[in-house]
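The values are calculated or read from the model by the stated rules, or taken from the named source; none is laboratory data. Since the model is a prediction, treat every value here as computed from it, not as a measurement. In this analysis, Cβ positions are derived from the backbone assuming ideal geometry, glycine residues included, and neighbour counts consider all displayed protein chains. What goes into the accessible areas is simple: the full protein's heavy atoms, side chains included, and nothing from ligands, DNA or RNA. Shrake-Rupley method; radii C 1.70, N 1.55, O 1.52, S 1.80 Å.
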Amino acid sequence: MKKICIYGTGKWVKLIYGILRELGCNILSFCRTEVNKNEMLCDLNVIKIEDIAEEHKKDIIMLIAIRDIKSVVEIKRKLLDNNFK
């Protein structure tokens with residue numbers, strides 16, 4: 001079963017997280033570029049793209065929850081550079 005990792009921690013993330021949880025989705029964690037040690041959001045870890053093990057990348061759907069299109073393009077490029085499809 002695919003797991004969802006939500007990229008972003010802004011104001012839209014909690015709304016998206018709530019909707020996905022109501023739908024019964026398996027949300028693994030939140031992800032962003034800079035992460036504080038032991039950072040949590042909605043009882044889930046916040047991680048960096050680089051911290052996701054290579055063997056897990058094929059089982060993760062990365063949902064980018066950011067409104068700014070320039071940031072989305074940059075994040076997409078970073079995901080592709082880190083072997084996400």
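Within the chain, DSSP assigns beta bridges of which about 15% are antiparallel (rounded to the nearest 5). The amide H of residue 61, built 1.01 Å from its N in the peptide plane, has 3, 4, 5 as neighbours under 5 Å, considering only residues 5 or more places off or on other chains. Modelled spin labels at residue 54 and residue 4, positioned 7 Å past Cα toward Cβ, are 2.9 nm from each other.
Using the alpha carbons of the chain, what is the convex hull volume per residue in cubic angstrom, as a whole number?
Details: hull volume 8.0 nm³, N = 85.
Dividing the Cα hull volume of the chain by its residues yields 95 Å³.
Geometric descriptor of region 32-72, per residue, is 106 Å³ (volume of the convex hull of the Cα atoms). Computed from label points 7 Å out along Cα-Cβ, the spacing between residue 78 and residue 38 is 2.4 nm.
Counting only protein heavy atoms and a 1.4 Å probe, the chain has 71 square angstrom of accessible area per residue. For region 14-85, the set of GluC sites (Glu not before Pro) satisfying both a DSSP loop assignment and a count of at most 16 other C-beta atoms within 10 Å is given as 34, 39.
Applying the Karplus relation 6.51 cos²θ - 1.76 cosθ + 1.60 with θ = phi - 60° to region 75-84 yields 3J(HN,Hα) values of 5, 4, 4, 5, 5, 5, 5, 9, 6, 8 Hz, where x marks Gly and Pro.
Please compute the net charge surrounding residue 20, taking Lys and Arg as +1 and Asp and Glu as -1 over other residues with Cβ under 15 Å from its Cβ.
Values: positive: 2, 3, 14, 21; negative: 22, 43.
With Lys, Arg at +1 and Asp, Glu at -1, the neighbours total +2.
At 222 nm, what value in deg cm²/dmol follows for the chain if DSSP H runs of at least 4 each add -39500 (n - 2.57) and the sum is divided by all its residues, to the nearest 500? Write out the running numbers ahead of the final one.
Working: 2 runs with 25 residues, N = 85.
Dividing the helical sum by the residues of the chain leaves -9000 deg cm²/dmol.
Using θ = phi - 60° in the Karplus curve 6.51 cos²θ - 1.76 cosθ + 1.60, the 3J(HN,Hα) couplings for region 61-72 round to 9, 9, 9, 8, 9, 9, 7, 5, 4, 4, 5, 4 Hz; x is entered for Gly and Pro.
Couplings for region 6-13, taken from phi via the Karplus curve 6.51 cos²θ - 1.76 cosθ + 1.60 with θ = phi - 60°, read 9, 8, x, 9, x, 5, 7, 4 Hz in order; Gly and Pro are left as x. Across the accessible surface of the chain, with the other protein chains kept in place and a 1.4 Å probe, carbon and sulfur atoms take up 52 percent.
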